[in-house]
Amino acid sequence: MKKDKGVVKLPEKLGYMAYSTSANIVFNFKSLYYLIFLTNVLQIPVLTAGTMMTLGTIWDVTNDPIIGVFAGNVKFKSKEKIRPYLLVIAIPWALGLILLFTDFNLTQTLAVIVSLLIFFFYEIANTFRGIVYNGLGALASDNDDDRKSINAFRSLGACLGSGIGAVAVTPIVRLFGGLQEKNAIIGKGDARALFLTALVMGGLCVFGCLVHYFTSKERVQEKEEHDDSVSIKDTYKMLFKCKSWVWNMLYIMGYGICNTLIMSAINYYAAYILGSSSKATPILAAYLVVSIVMSLLTPKIDTLLGRKKTMYLGVISQIVGKVIFMLNPTNEIFIYINAISVGFGATITFIMLNQNRNNISDVVEIQNHRRLDAMVSTGDNLASKLAEALVTQLMAFALAAAGFNEALKINQTVATKNVICGLLGLVPCIVLVGMLITIRFLDIEKEKKESLEREGLRV
């Protein structure tokens, strides 16, 4: 592996931040509003909507490995491996988002079919988006300090994206004529407003892609040049050879489940527990402020405590917030404590999983004499999407079983309210405990050292 003699400059780091902002606008806007768009705007039954997400997951499981191997085998004239995909996916990614929030005024059956096809299209674009998002940082530099700095800027961008996709969305929706009543809950009449909001968000996505493309650079190159392509089977053999990749996938899934839960369930909590969808905004603002601070502090914490202790800190702080929330889940103060604690811990977790991914790409190359950045990235992206789909399906089944009925407005059953509170407290708490186990077995430095020794290389 060629050593990077330079450093990643500030404009390049800002490019990572801009792209991360765009990606998280999409993720948070989609997480916050897509399920409720399906149920309350398109008026698709909640169980059917959840099943659609499951079918989307099956689609991802099928096509993501194919796309990942394809992307890894593509040879660009520039000799770059990932950066050119920023230009490839910019328009499809934005278009997919806009179509997700388009009401074609179809019958319920046709609405389900068309929405599912659009979702499939969006997820293909999202896979290529994930390849860039997760993989390019490992190729920017092989210097650990550079990578930490890049991930800190990415996390800061993620916070800004969350802010735009959550805190600022309601005012934008209202600007376009939606949610006009003080205690309004998203409904059929908000279709146009959500579409126009998605249009704005899609434009920001294209902007983020272009900024990242023109500011980023690939510096890390394979030690050995390879003219042959790698099959899906051989690729997975190489990846599963790396134990750290497997454990980090589980770590990412845990993060994805917890993050998607708070982003997806908070609108239901605000609407049906607190009595107004607009109350989600200040809660997410508290989450955002803490996340911004932790984006700046986490690299220093990592240097001070070391990787494992920092990862433990991120998970344990979230568990504390969940436990406090569960003491009285209908108390507004406790949901703020939950948001602050999660903002603290989830930001640490996000930065560390990205740092892990970058180092895992190096370990895979040592073990197999081939860099598989695109496939490492795709695998991690698939883990995130599996987590998102699991959450959506869980929410759909749980809400349906509890008797959720959009027609009841804020007067939902006690069972429904208990389920909503459980989705923000008990369920993520169980997942977080599982993440503590993954951290116990995730030791990248040890595996890298052992791999170097097996190859007869200097540690």
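Summary table below
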| read-out | value |
| --- | --- |
| Between helix 85-100 and the chain: long-axis angle, C-alpha atoms, 0 to 90°, nearest 10 | 10 |
| Sorted by Cβ density within 10 Å, fewest first, the residues Val26, Val8, Val320 | Val320, Val8, Val26 |
| Sorted by Cβ density within 10 Å, fewest first, the residues Leu194, Leu313 | Leu313, Leu194 |
| Longest segment of the chain lacking GluC sites (Glu not before Pro) that sit in a DSSP loop with at most 11 other Cβ atoms within 10 Å | 226-454 |
| Computed FRET value (nearest 0.05) for Ile58 with Ile91, which takes r as the C-beta separation and R₀ as 30 Å | 0.70 |
| Rounded tilt (10° steps) of 280-305 against the dominant C-alpha axis of the chain | 20 |
| Ile44 long-range amide H proximity, modeled H, under 5 Å | Thr39 |
| Karplus-derived 3J(HN,Hα), 6.51/-1.76/1.60, for each residue of region 336-343, Hz, glycine and proline x | 5, 4, 4, 4, 5, 5, 5, x |
| Sequence-distant aspartates and glutamates (8 or more away, or on other chains) whose Cα lies within less than 20 Å of Lys233 | Asp60, Asp64, Glu365, Asp373, Asp380 |
| Where labels lie 7 Å past Cα in the beta-carbon direction, separation of Met326 and Phe121 in nm | 4.3 |
| Enclosed volume per residue, in Å³, of the convex hull spanned by Cα atoms of the chain | 128 |
| Hz values of 3J(HN,Hα) by residue in region 209-215 - Karplus curve (6.51, -1.76, 1.60), Gly and Pro given as x | 4, 5, 4, 5, 4, 7, 10 |
| Between 0 and 90°, nearest 10: helix 307-327 axis offset from the chain longest Cα axis | 10 |
| Listed residue pairs exceeding 32 Å between alpha carbons, taken from Lys243/Lys385; Lys148/Lys417; Lys13/Lys448; Lys75/Lys309; Lys13/Lys188 | Lys148/Lys417; Lys75/Lys309; Lys13/Lys188 |
| Phi to ³J(HN,Hα) by Karplus 6.51 cos²θ - 1.76 cosθ + 1.60 over region 58-73, Hz, x for Gly, Pro | 4, 4, 5, 4, 6, 8, 4, x, 5, 5, x, 5, 4, 4, x, 8 |
| Spin-label model distance (nm) - Asn405 vs Lys446, 7 Å beyond Cα toward Cβ | 5.5 |
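Bear in mind that the values in this text are calculations on the coordinates, not laboratory data. Quantities reported herein were computed from a predicted structural model and do not represent experimental measurements. Positions of Cβ are backbone-derived with ideal geometry, glycine not excepted, and every protein chain shown enters the neighbour counts.
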